[in-house]
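Enquirer: This structure is in structure tokens; I'll ask about it shortly.
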Amino acid sequence: MSDAPEFRGTAEPRNTAPLSVLVGTLSGLQNAVFPAIVAGFSARSSGFALLIGLGIGVAIALASAFFAFIRWKRLTYTIGAQDIRVESGVLSRSARSVPFERIQDVSLEQKLLPRLFGLVAVKFETGAGGGEDLSLTYLTEDLGEELRQLVRERRDGSAATGSNTIELSDGETAQMTEEEGEPLFTMGPGRLFTFGLFEFSLAVFAVLAGLAQYAGSLFDFEIWDPNLWMGWVEDQGGQLSEASAGFQAIGALAAFAGVFVVGSMTGMVRVFTREWGFLLERTARGFRRRRGLLTRTDVVMPVHRVQGVKIGTRFLRYRFGWHGLSFVSLAQDMGASSHVVAPFAKMEEIAPIVETAGFHLPGPDADWRRASGRYMVDSAIWDAAFFAIAAIIAFVTTSIFSPEWTMLATGIPLIMAGIATIANVLSWRYQRHALDAEQIMATKGVLSPRSQIATRLKLHSVEVSQGPIARLRGYATLHLGQAGGEFSVPGVPVERAREVRRKVLETIATTDFSQLEKA
């Protein structure tokens, strides 16, 4: 497969897999099934509901097949010696060409329907504009893998050797072929179940509300009629008032339990469909991540293209020691700017992944520095000022029109001002950064801390930014130029900011970036 025989001939336009027409037809058809059913039920009084529904379904199927065939016929791709070119469009044609050396990542994606026919979507990303530059839907699985292999070879400027020596997480080295890898992180059903418990979501209720828009066509009553629901509430309220206090309490607990079960099941479904079979490996080419139940993705990211790491968590997860790890790179991951490599892990599981990527977690001897105390004071004053102004406006307004509400209307904004002040002080206590000989680290957040790490030699620039107040008060914001991401450290004392800039620029000036890409 490494020889990619299908692409070694002359450079000529090719169509994608013919089965793409069938997938396009079925995709268009499944999107119209529900409207066809609604149209059929809406005409039930005429006695032709079934006939109308079938007619609409057949018409949509024929139209979907026709347009799917035209799109397939007019979509071609050409594998040249230096680039890949994709031409598409029916009435207006577009041709997009990307040199191999500009391609940051080639990923394979399989949604449920294409997977049934053995097809994959091949996605090429360059990091330009923060989105996908090229996408081929669909190729056969073997052809997609061959194309990915060919792009890697031509991007690197040499043919694959078939095996490479890599350093394992325990410090040993091993010969490894393209398809082999050392597992770094996996998530089985038990871990996914625990993950789902922390992904509580009530999105299903929004879906039900959307489906309710069609209820008026399917049933004999108006679901949005307020009189209908007011009558139902009055009837139920009368029955509840006759019940004992114990039964009322049990009913309330049952309602809360029902909401919890529905929210938990929604989170479970989302986690299992997105993360099923999650496997992160260290391969000869870099990091390879595979995941997904309905949509299966296979992403490979070279180690040297990892620009930084992010470690995040949430309020409840943090209390149980769960965190998520992402890599910052030029390519995107399903629309996000970072690649998720360990979405639900303990810190002892995250540490070896970070080290394999060429970074290290801060040790107990890290030289942590807090933001300027003046920055904390200014932030607290600025946030509290908004509520203070609101309190003044409320005091004046209520004193004139409703004196009995003056104390309440004035007290609420003042309480919020106090909360904002306390929040700023706590945020300042947990907002820190550290610089060592190899990397810079920053952390922030009180209830759900987040950390970011970048190596000094992979930073492109360092900017010390000061507004009018910051210049007067003697602090600045450090903007670290990082490919594929943003890294800023606010409120740094200006002397410290200049020191960090000087040290990072010294590292950049002494780095041979032509050799860095080959590391």
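Enquirer: Given points 7 Å out from each Cα along the Cα-Cβ axis, report the A437 to R498 separation in nanometres with one decimal.
Expert: Roughly 2.7 nm, to one decimal.
Enquirer: Moving on. Cross-link list K346/K458; K444/K503; K111/K458; K123/K310; K111/K346; K123/K444: which exceed 32 angstrom alpha carbon to alpha carbon? Please list the in-between numbers first.
Expert: On the way: K346/K458 27 Å; K444/K503 23 Å; K111/K458 35 Å; K123/K310 24 Å; K111/K346 30 Å; K123/K444 35 Å.
From K346/K458; K444/K503; K111/K458; K123/K310; K111/K346; K123/K444, over 32 Å: K111/K458; K123/K444.
Enquirer: Let me ask another. Please list, ordered by chain and number, the residues whose modelled amide H lies under 5 Å from the amide H of L134; skip anything fewer than 5 residues away on the same chain.
Expert: F124
Enquirer: For the pair R102 and A63, what calculated FRET efficiency results from E = 1/(1 + (r/R0)^6), where r is the Cβ-Cβ distance and R0 = 41 Å, to the nearest 0.05?
Expert: Working: r = 38 Å, r/R0 = 0.92.
Efficiency at R0 = 41 Å is approximately 0.60.
Enquirer: Quick check: with the 1.4 Å probe, what order do D105, D142, D383, D378 take by accessible area, largest first? Don't skip to the end; give the middle numbers.
Expert: Numbers: D105 5, D142 100, D383 65, D378 30 Å².
Final ranking, largest accessible area leading: D142, D383, D378, D105.
Enquirer: Let me ask something additional. On average, how much accessible surface per residue is there in segment 428-519, in Å², for a 1.4 Å probe, leaving out ligands, DNA and RNA? Let's see the in-between values first.
Expert: Details: 4780 Å² over 92 residues.
Here the residues of segment 428-519 average 52 Å² of exposed surface.
Enquirer: What whole number of Å gives the distance from the Cα centroid of segment 94-127 to the Cα centroid of segment 339-388?
Expert: If you average the Cα positions of each part, the centres end up 34 Å apart.
Enquirer: Hey, what D do you get for segment 405-519 in µm²/s if you plug the Kirkwood alpha-carbon radius into Stokes-Einstein at 4 °C and 1.567 mPa s?
Expert: Values: Rh = 16.5 Å.
Answer, rounded: 79 µm²/s.
Enquirer: Can you pull the one-decimal nm distance between simple spin-label points at S135 and T510, each 7 Å off the Cα toward Cβ?
Expert: 4.5 nm
Enquirer: What FRET efficiency comes out for the pair T78/S27, r = Cβ-Cβ distance, R0 = 25 Å, nearest 0.05? Don't skip to the end; give the middle numbers.
Expert: On the way: r = 26 Å, r/R0 = 1.03.
FRET efficiency, T78 to S27: 0.45.
Enquirer: How large a share of the accessible area of segment 361-496, in percent, is made up of carbon and sulfur atoms when the probe is 1.4 Å and the other protein chains stay in place? Spell out each step's value before the answer.
Expert: Working: 5030 of 7660 Å².
Carbon-and-sulfur percentage of accessible area, whole number: 66.
Enquirer: Check which residues have an amide H placed less than 5 Å from M187's amide H, if you skip close sequence neighbours.
Expert: Correct list: F278.
Enquirer: A further question on this structure: How would you rank 275-284, 419-428, 397-406, highest first, on the average number of other Cβ atoms within 10 Å across their residues?
Expert: Working: 275-284: 19.3, 419-428: 16.3, 397-406: 12.0.
The densest-packed peptide leads the list: 275-284, 419-428, 397-406.
Enquirer: For segment 265-331, what is the accessible area per residue in Å² when the probe is 1.4 Å? Display every interim value, and only then the final one.
Expert: Details: 2420 Å² over 67 residues.
Averaged over the residues of segment 265-331, the accessible area is 36 Å².
Enquirer: I need the calculated FRET efficiency for the pair V262 and L316, taking r as the beta carbon distance and R₀ as 22 Å, to the nearest 0.05. Let's see the in-between values first.
Expert: On the way: r = 18 Å, r/R0 = 0.82.
Computed FRET efficiency for V262 and L316 comes out at 0.75.
Enquirer: Search the structure for amide H atoms under 5 Å from the amide H of A483, placed 1.01 Å from N in the peptide plane, and list their residues when 5 or more places away or on another chain.
Expert: It is H460, by chain and number.
The values are calculated or read from the model by the stated rules, or taken from the named source; none is laboratory data. All values reported here derive from a predicted model rather than from experimental measurement. Every residue, glycine among them, receives a Cβ derived from its backbone with ideal geometry; neighbour counts consider all protein chains shown. Heavy atoms of the whole protein, side chains included, go into the accessibility calculation; ligands, DNA and RNA do not. Shrake-Rupley method; radii C 1.70, N 1.55, O 1.52, S 1.80 Å.
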